[in-house]
Each structure stands twice: as structure tokens, then as C-alpha cells.
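The values are calculated or read from the model by the stated rules, or taken from the named source; none is laboratory data. Everything quoted here is computed from the prediction, not taken from an experiment. We place every Cβ from the backbone using ideal geometry, glycine too, and count neighbours over all the protein chains shown.
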Amino acid sequence: MYVSKLTLKNWRNFRHANVRLGWRQFLVGPNASGKSNLLDVFRFLRDIAKKRGGGLQEAIQRRGGLSRIRCLNARKDPEVSIGVEIAASDARPRWRYEIGLRQESRGFRRQYISFERVWDRDRQILARPNEQDEMDAERLEETYLEQVNNNEAFRGLRQFFEDIRYAHLVPQLIRHADEIQGRVVEDDPFGQGFLQTVAGTPSRTRKSRFTRINKVLKAAVPQLRDLQFERDETTGRPHLAGRYEHWRPNAGRQRENQFSDGTLRLIALLWSLLEGDAPLLLEEPELSLHTGVVEQLPSLLHRAGRKRRRQILVSTHSSELLSDPGIGGEEVLLLSPGAEGTAVTVSSDERDVRLVLEAGACVGEAVVARTRPVGLRQGLLPF
Ligand SMILES: Nc1ncnc2c1ncn2[C@@H]1O[C@H](COP(=O)(O)OP(=O)(O)O)[C@@H](O)[C@H]1O
Ligand SMILES: [Mg+2]
């Protein structure tokens, strides 16, 4: 299943957004246009829905409170709302979920839901506030989504949200894991626990994933051969190891702390593509990768997504990535910041983009220039 439609009101820098989403969707916009904020909507739903450490209050607190989430451009209407449709195919949606959030303006300044609604196909099966909520307002501090006693009729939806994955791998955190020994951020969005995840995967699954990863590495990082998982004999810690071939033949094995940033990012990206079939949120997968590899990412994502019927949402700045002629205009969302917050539009709905596409250019050519900040169109940065 995939999120086929997203509606937002007052979510961070989006005062309003209403867009259809496909199986593969690229989010393109200047720095600070809200690409990460948009992906965060899905992480927020996941935070509410997850069984361990989940729940609405926790999800809001992790983001510094509702006042941080609510759009600074919000005017009279202080409500934050999110609506999503979940579909199994391109036909009508299987689920629809809507939630509204408010904060008391005085007193305890409690953060509560102003509404929560669920549809199973065309039938509405939840409409809050309900009678019980009217009698006991404290109930509105929790969603039904997070309550096993109240979500029997939409457990599939809860599970869908919980399974959403976000990957923004920071290679230094893997490479220096032993030295940093820091607290791993919950859900490990930055890949700090990547080696632990690999270690915790059943060995057959791990082997088959490594076989596929090795095929890609052979083409993209030819000097690294035969990537394997191993445990340190003395410490028992998990490691990646590969045979490095360069000017000296059989130069020996290297571990992940000697791999390049790009190699580590590529390995972790491939791993996350092979893991599960729930929506995958990727932050700027082009980072540290060679242009030649970046150009291949869209087709890689397409194949990984299509096979597993898996939705992949990608934030990117890369014109190389978007230069793949296989990317359709409807697969690219443009984030355009303005005085009223950031607007989200489908690139092919924009007249100038459509004209460029019709002239035979690829999406990258049409959109990357468009998202260039106005200040940069005039020449050098004033420094
Ligand atoms: N509640 C909010 N209202 C308005 N803008 C916000 C809010 N929260 C964050 N922002 C703005 O969003 C921007 C960051 O967006 P982000 O998603 O990180 O951008 P990107 O990933 O596109 O570079 C910052 O400029 C920040 O000020
Ligand atoms: Mg970002």
C-alpha cells in the first residue's frame, strides 16, 4: 500500500498543501523549503502509531511541542491538520485518516486532538470527538490510532504507519561508532545502529541481501570486492569487511571504518531498499555519491519500488538524479517558498515546466533552475 494523497494545514512551513502522491515521488526545492518537514509528516504518523514509545503526546514532544509544529504563518486558524489516503493500487483508497491538533490557549495549555476520523473504503468508521470525548475532554489527549482497545477496526492502518521507514545515513556515525558510543537517536534515522541492524537480521536474509549489494558494488565501487558481515573475534562487535583491490594485488581486507563516505552511504541505501515493503523516506540519497551512480539512482529506486509495490519518497537537490529521462513530471513535487509559507505543486502542473518537458528536456533541466534561489540568479554570493 502507499500514501496516495496528502493534505496539510499549518504543518510547519506549509500553510496549506494538497497533493496526490505516486509510488515514486521526488521532492525538490531550495534549501529550507521544507523537504524534510514534508517527510516529517509521515514520521509523525509513525510516531503516533508505533507500539513501543509511541503515542500522540510523545510525538508532539519530540518535536518541541505543538507551537513548534504549527506554521508560523498561521493566522486566525491555529489548528494543525493532516489528512492521508492509503491505497493498494491506483484505484480508490483503502483507508483515509484525518487528524486535527490544537493547544489550549490558557491554563495547562494541553495539546489535544480537535478531530480524528477514519474511513475504511467509503465508510466512515471513526468520528471524534464522540460522546465519550464530550464527557471527558482528557480523552482527546490521545488518538484512537495509538490505543489497542479502540483501533480494532483499523489495525491495518496503524501497522502501515508503524512500518514507515526513514533513512538519512550519516556515514561518520557508522565509521566512528566505537569512539562516539553516543546515544542512538530513537528509531535510528541516521544509521548509527546500522551494523546492529545487519547483525540482527537472520543470516539467510542477510546473505541474500549482501549478494545483491555486492552486485551493485562491483559496478559502482569496483575496487571493493566481496563485502561481508563479520564479528570481531575479541569484542564480538559487528563489522562490514571487504577485499580492497588497488595497485597492490591482494592488498587485504578492510573494515567499514576505512570505507569511503559514498561507499557506506550506498551500502546502507541498498540495504534499506531491500528491507521491507512499507513506504521508505530517503533524504538526499545523492550525497557523497559519484555523478555516474547518482544518475542511476532513479532507475534503481524504480526497480526496488515496483517489484515490492513499495512507495519511495525522496528529497533531492541533484540535477543529475533528476536527469533520468524515465522520471515523469508528475513524479516530481516542487516546493516553492513564499510569503504565505511553502507551496507544494506537481511539477508538470506548472506551465513553464510543462513547456520545457514538451520540448523534450528531462525533468531535471526543467525544475532545478526553477528552484534556484532568486539571489543566486544574479551572480556571485556577496562574501
Ligand atoms: N512551524 C514552522 N513554521 C514555519 N516554518 C517552519 C516551522 N518549523 C520549521 N520551519 C522552517 O522550515 C525550514 C526548514 O525546512 P526543512 O524541511 O529542513 O528544509 P529542507 O529540507 O527543504 O532544506 C526552516 O527555514 C524553518 O525555519
Ligand atoms: Mg532537509
Just to be sure, is residue 167 buried (at least 19 other Cβ atoms within 10 Å of the Cβ) and more than 30 Å from residue 127 (Cβ to Cβ)? yes
Report yes if some residue within region 70-82 is of a type outside the set (A, V, I, L, M, F, W, C) and in contact with a Pro (Cβ under 8 Å, 6 or more places away or on another chain); otherwise report no. yes
Can you go through 69, 60, 82, 86 and tell me which one is closer than 28 Å to residue 328 by Cα, surrounded by 15 or more Cβ atoms within 10 Å (Cβ to Cβ) and within 15 Å of ligand 1 (Cβ to nearest atom)? 82
All but one of (1) assigned to a strand (DSSP E or B); (2) over 26 Å from residue 317 (Cβ atoms); (3) away from ligand 1 (no atom under 16 Å from the Cβ) hold for residue 9, so report the exception by its number. (3)
Would you point out which residue out of 81, 67 is in a helix (DSSP H, G or I) and either small (Gly, Ala, Ser) or more than 16 Å from ligand 2 (Cβ to nearest atom) (or both)? 67
From 375, 379, 305, 341, residue being closer than 30 Å to residue 70 by Cβ, of a type outside the set (Val, Ile, Thr) and modelled with pLDDT under 90: 375
For region 290-334 the number of residues that are over 25 Å from residue 6 (Cα atoms) and over 19 Å from the mean Cα position of the chain (by Cα) is 11
In region 44-64, what residues are away from ligand 2 (no atom under 16 Å from the Cβ) and assigned to a helix (DSSP H, G or I)? 45, 46, 47, 48, 49, 56, 57, 58, 59, 60, 61
Check every one of the helices (runs of 4 or more DSSP H) wholly within region 293-383 and list those with 3 or more residues that are under 30 Å from residue 89 (Cβ atoms). 351-358, 363-368
List every residue pair whose Cβ atoms lie under 6 Å apart, where the two residues are 6 or more positions apart in sequence or sit on different chains, the first residue falls within region 295-324 and is farther than 10 Å from residue 24 by Cβ and free of Cβ contacts under 8 Å to residues at least 60 places away in the same chain, and the second residue, located anywhere, is more than 16 Å from ligand 1 (Cβ to nearest atom) and part of a helix (DSSP H, G or I). 318/294; 319/364; 320/291; 320/294; 320/295; 323/364; 324/298
Flag for residue 303 being surrounded by 20 or more Cβ atoms within 10 Å (Cβ to Cβ), more than 28 Å from residue 239 (Cβ to Cβ) and away from ligand 2 (no atom under 16 Å from the Cβ): no
Yes/no for residue 20 being out of contact with any helix residue (DSSP H, G or I) (no Cβ under 7 Å at 6 or more places or on another chain) and away from ligand 2 (no atom under 16 Å from the Cβ): yes
Within region 316-353, restricting attention to residues that are hydroxyl-bearing (Ser, Thr, Tyr), closer than 22 Å to residue 291 by Cβ and surrounded by fewer than 24 Cβ atoms within 10 Å (Cβ to Cβ), which residue is nearest to ligand 2 (Cβ to nearest atom)? 318
